[in-house]
1. Cβ-Cβ below 9 Å, separation at least six or inter-chain, first residue in the stretch 176-190 and within 11 Å of residue 85 (Cα to Cα), second among the charged types (D, E, K, R): which pairs?
2. Mind checking which residues of the stretch 32-69 are farther than 16 Å from residue 121 by Cβ and among the acidic types (Asp, Glu)?
3. Taking the conditions exactly as written (touching a residue at least 60 places away in the same chain (Cβ under 8 Å), farther than 24 Å from residue 168 by Cβ and surrounded by 15 or more Cβ atoms within 10 Å (Cβ to Cβ)), does residue 77 satisfy them or not?
4. So which of 90, 95 is closer than 21 Å to residue 169 by Cβ and not in a helix (DSSP H, G or I)?
5. Identify the single condition in (1) of a type outside the set (D, E, K, R); (2) in contact with a Lys or Arg (Cβ under 8 Å, 6 or more places away or on another chain); (3) over 17 Å from residue 185 (Cβ atoms); (4) surrounded by fewer than 17 Cβ atoms within 10 Å (Cβ to Cβ) that residue 146 does not satisfy, given that it satisfies every other one.
6. Are any residues in the stretch 106-122 buried (at least 18 other Cβ atoms within 10 Å of the Cβ) and closer than 17 Å to residue 64 by Cβ, and if so, which ones?
7. Filter the stretch 1-58 for residues that are of a type outside the set (A, V, I, L, M, F, W, C) and outside any helix (DSSP H, G or I); which is surrounded by the most Cβ atoms within 10 Å (Cβ to Cβ)?
Amino acid sequence: MELTTSEKILEKAQALVIAGGYNGFSYADIADAIGIRKASIHHHFPTKAELVAVLVERYTRQAEAGLKSLSEQVPAPAERLRTYLDYWQACILDASQPFCVCAMLAGEMPMLPEGVALHVRAHFRNLAGWLTSVLKAGAEQGQFRLDIPPEEKAQILMASVHGAMLSARALGDPHIFSAVVGPQVERLRI
């Protein structure tokens, strides 16, 4: 199925955000990449802030659907967490999605338009909620040992995942991701 023009714009914008953040691209970059005029982009997304807000909202919906599916398909919390981390490891190794869109944008939070920042915060809240639920279930089922409340551990784990992405990118070594997050998970196991 062929993508619509707005979907092509969003796909290219996502790749550009992952590569360089909110301020790392312009409508001209998108127009050149997909072979349309800037006016066509403005027709679909009148402002860059609107484009990126729609992009982040779409990314958050996709992430929520993926996490929901993961929760339904992988009943064991420890395996669910491992599958989530393996997903990111694979994305980083094959460079298909080497960085979380929202993590990239969070680094620019003070400079983001408020509409974009709201969507980025929503993504982080959703992810933290999912991680918290996995950690709680794992503790209840005797798979995880938590020395702090699951909400706090979820924040630590989320920061480790995003920090590991950053380190892997900064050092040009995708294997750093698993070197950082692997021990975090092992410390959870009973």
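No value in this document is a laboratory result; all are computed from the given coordinates. These figures come from a predicted structure and were not determined experimentally. Reconstructed Cβ throughout: ideal geometry from the backbone, glycine too, with neighbour counts over all protein chains shown.
1. Close Cβ pairs (under 9 Å, with a partner that is among the charged types (D, E, K, R)) amount to 178/86; 185/82.
2. Across the stretch 32-69, the qualifying residues are 32, 50.
3. Numbers: touching a residue at least 60 places away in the same chain (Cβ under 8 Å): yes; farther than 24 Å from residue 168 by Cβ: yes; surrounded by 15 or more Cβ atoms within 10 Å (Cβ to Cβ): yes.
Considered against the rule, which asks whether it is touching a residue at least 60 places away in the same chain (Cβ under 8 Å), farther than 24 Å from residue 168 by Cβ and surrounded by 15 or more Cβ atoms within 10 Å (Cβ to Cβ), residue 77 comes out as yes.
4. Exactly one of 90, 95 is closer than 21 Å to residue 169 by Cβ and not in a helix (DSSP H, G or I), namely 95.
5. Evaluating residue 146 over (1) of a type outside the set (D, E, K, R); (2) in contact with a Lys or Arg (Cβ under 8 Å, 6 or more places away or on another chain); (3) over 17 Å from residue 185 (Cβ atoms); (4) surrounded by fewer than 17 Cβ atoms within 10 Å (Cβ to Cβ) leaves (3) as the failure.
6. First, pick out the residues of the stretch 106-122 that are buried (at least 18 other Cβ atoms within 10 Å of the Cβ): 112, 116-117, 119-120.
Residues satisfying the conditions are 119, 120.
7. Just the residues of the stretch 1-58 that are of a type outside the set (A, V, I, L, M, F, W, C), to begin with: 2, 4-8, 11-12, 14, 20-24, 26-27, 29, 32, 35, 37-38, 40, 42-44, 46-48, 50, 57-58.
With the extra rule that they be outside any helix (DSSP H, G or I), the set shrinks to 2, 4, 21, 26, 35, 37, 46-47.
Working: 2: 5, 4: 10, 21: 19, 26: 13, 35: 8, 37: 11, 46: 10, 47: 12.
Only one residue tops the list, namely 21.
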